[in-house]
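One structure is given below, encoded as structure tokens.
The values are calculated or read from the model by the stated rules, or taken from the named source; none is laboratory data. It should be emphasised that the depicted structure is a prediction, and the values quoted were computed from it without experimental measurement. Positions of Cβ are generated from backbone atoms using ideal geometry, with glycine treated the same way; all protein chains shown enter the neighbour counts.
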Amino acid sequence: MSQINITPETLEFQAPLVKESTDHITITNSSDQAIAFKVKTTAPKLYCVRPTAAFVPAGQSKDIEIVFMGLPEEPAAGTKCKDKFLVLALPAPYDTEDKSVPDVWPGLEAEFKQEMQSKKIKVVYDYSARAPETITEAPVPVTAAPEPIVAPVPVVAAPAAIPQPAAIPQPTAVKEEVEKPREQIITSDLVSEVKKDVQAVPEKKAAPAPAAAPVPEKKSAPAATQKTAPVPAFDAPLAKAQPADAAASNSNLLLLIAIVIFLLAWLYY
């Protein structure tokens, strides 16, 4: 049975795979007797085999048409197919002109099982013939980003230089006053305040002399015993009040002078 040749090694179906396509299996009988063959597949719903079984006379060949019915949807590029075909061949030396292969197969298999020849054929999807619009995804339109609108910047002329005013000369008196030391200014202010306080002390007027108390009338005494009473000196209180007021004003003045001296000593020391 080595004289039976089954080709090809693989069946190829080109894309698009949603359409019907056809490939062939060829059995060549180089022996001196007829053979019988049978074809099986793992996906009988996807393929139509013509014929599924037949006889091949000695020295002849037989083409088996494998029709791919197409997939429900197009697979992704590179998807592998797992479908397979199995071709079985047996010697058929008897007269089988009036019989079919399914009728004589059980008897031939039982008799020539040791000489049975089988071959597995794989199915391959060919994506090289796929149309460009089907193998590549639709390009995504790329819209150019709008150019940013830039508002023109107004040109503003630089302002003219502002003339600086001329330096105002300071009076000599003001300049000298500014240049005075801080101690002299404070001392002069304190002296002026002391003078104002001294001037503000009111002069106390002498208290008015008290009015003379009425002298009760006495009964006239006899001329021999009547004496004249001494007249009281009403100007005595006035003479005593004047020294008291002068002493008070002098004490206030001394107190202010002492305060001034204390401040001056504190400033300079």
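Filtering the range 4-22 to residues that are surrounded by fewer than 19 Cβ atoms within 10 Å (Cβ to Cβ) and either part of a strand (DSSP E or B) or outside the structural domain of LEU88 (by TED's automatic domain parsing) (or both) leaves ASN5, THR7, THR10, GLU12, GLN14, SER21, THR22. For PHE37, the conditions (1) touching a residue at least 60 places away in the same chain (Cβ under 8 Å); (2) under 60 Å from the mean Cα position of the chain (by Cα) are fulfilled apart from (2).
Residue count for the range 80-118 satisfying the condition of being assigned to a loop (DSSP other than H, G, I, E, B) and touching a residue at least 12 places away in the same chain (Cβ under 8 Å): 10.
Which is surrounded by 15 or more Cβ atoms within 10 Å (Cβ to Cβ), touching a Ser or Thr at 6+ places or on another chain (Cβ under 8 Å) and within 20 Å of ILE6 (Cα to Cα), of ALA58, ALA92, ALA53? Write out each step before concluding.
Values: ALA58 fails: surrounded by 15 or more Cβ atoms within 10 Å (Cβ to Cβ); ALA92 fails: touching a Ser or Thr at 6+ places or on another chain (Cβ under 8 Å).
Result of the check over ALA58, ALA92, ALA53: ALA53.
One line per residue, one yes/no per condition, for (1) at pLDDT 90 or above; (2) within 19 Å of LYS45 (Cα to Cα); (3) in contact with a helix residue (DSSP H, G or I) (Cβ under 6 Å, 6 or more places away or on another chain):
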| site | (1), (2), (3) |
| --- | --- |
| ASP63 | yes, no, no |
| GLU73 | yes, yes, no |
| LEU88 | yes, no, no |
| LYS99 | no, no, no |
| PRO106 | yes, no, no |
| GLN117 | yes, no, no |
| LYS122 | yes, yes, no |
| TYR125 | yes, yes, no |
| ALA129 | no, no, no |
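Taken together, the criteria exclude GLU65 from residues that are assigned to a loop (DSSP other than H, G, I, E, B) and either of a type in the set (D, E, K, R) or outside the structural domain of VAL124 (by TED's automatic domain parsing) (or both).
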